[in-house]
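Reading through the structure tokens given below for one structure.
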Amino acid sequence: LVAPVIHEGMISRKVKLPEGTWVDFWNHSVVQGGKTIHVNAEFDQIPVFIKENSAILLNLGESKTIGESIGNDLTKYTNAKLVVVAKDSFSETIEDHLGNLITIDADANNRKVSVSQKLPIEVELIWL
């Protein structure tokens with residue numbers, strides 16, 4: 001869930017989170033949904049939340065810093081990174097913009113995740 005700043009000069013905003021458990025993308029704090037929260041919305045860190053039992057795929061630049069330029073070549077990844085937030089066991093398949101299928105299997109009993117893909121990818125796992 002991305003909550004962009006919609007008015008010039010805003011440094012905070014209200015965000016309505018749907019039911020479920022959410023993780024702040026920037027600091028990994030856990031927030032229970034089903035309510036409206038007030039969050040910082042700085043220029044370089046807009047509010048982004050990842051829902052439990054889901055994953056997001058990022059293409060990072062050479063220094064692996066969020067927001068760094070990756071240029072205009074969208075035919076390959078500079079540094080692929082998968083951020084997985086798991087509360088329970090789940091399986092999900094993501095198809096990226098290049099047609100790659102990435103299957104994620106999270107096993108809550110063993111607190112492990114396996115990722116099958118054909119590209120080099122860094123995995124960051126956040127267990128709830």
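Here are the numbers:
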| quantity | calculated |
| --- | --- |
| Three-way shape label, segment 49-124, alpha-carbon gyration tensor, a/c 1.5 | prolate |
| Accessible area (Å², per residue) of the chain, counting only protein heavy atoms and a probe of 1.4 Å | 62 |
| Relative contact order (%) - criterion: Cα under 8 Å, at least six apart; region: the chain | 18 |
| Charge dipole (debye, nearest 20) of the chain; +1 at Cβ of Lys and Arg, -1 at Cβ of Asp and Glu | 300 |
| Rough spin-label spacing in nm, given labels placed 7 Å along Cα→Cβ, for residue 27 and residue 115 | 2.5 |
| Positive-end residue of 71, 97, 41, charge dipole of the chain with Cβ unit charges | 41 |
| Alpha carbon Rg of the chain, scaled by the compact-globule rule 2.2 N^0.38 Å | 1.13 |
| Label point distance in nm, residue 59-residue 100, each placed 7 Å from Cα along Cα→Cβ | 1.0 |
| Estimated dipole of segment 1-48 in Debye, rounded to 20 [Cβ of Lys and Arg +1, of Asp and Glu -1, Cα centre] | 220 |
| Label-point gap, in nm, between residue 128 and residue 14 - each point 7 angstrom along Cα→Cβ | 2.3 |
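The values are calculated or read from the model by the stated rules, or taken from the named source; none is laboratory data. Keep in mind that what you see is a predicted model, and the values were worked out from it rather than measured. Methodologically, a virtual Cβ is constructed for each residue, glycine included, from the backbone with ideal geometry; neighbour enumeration extends over all protein chains shown. These accessible areas exclude ligands, DNA and RNA; they are computed on the full protein's heavy atoms, side chains included. Shrake-Rupley method; radii C 1.70, N 1.55, O 1.52, S 1.80 Å.
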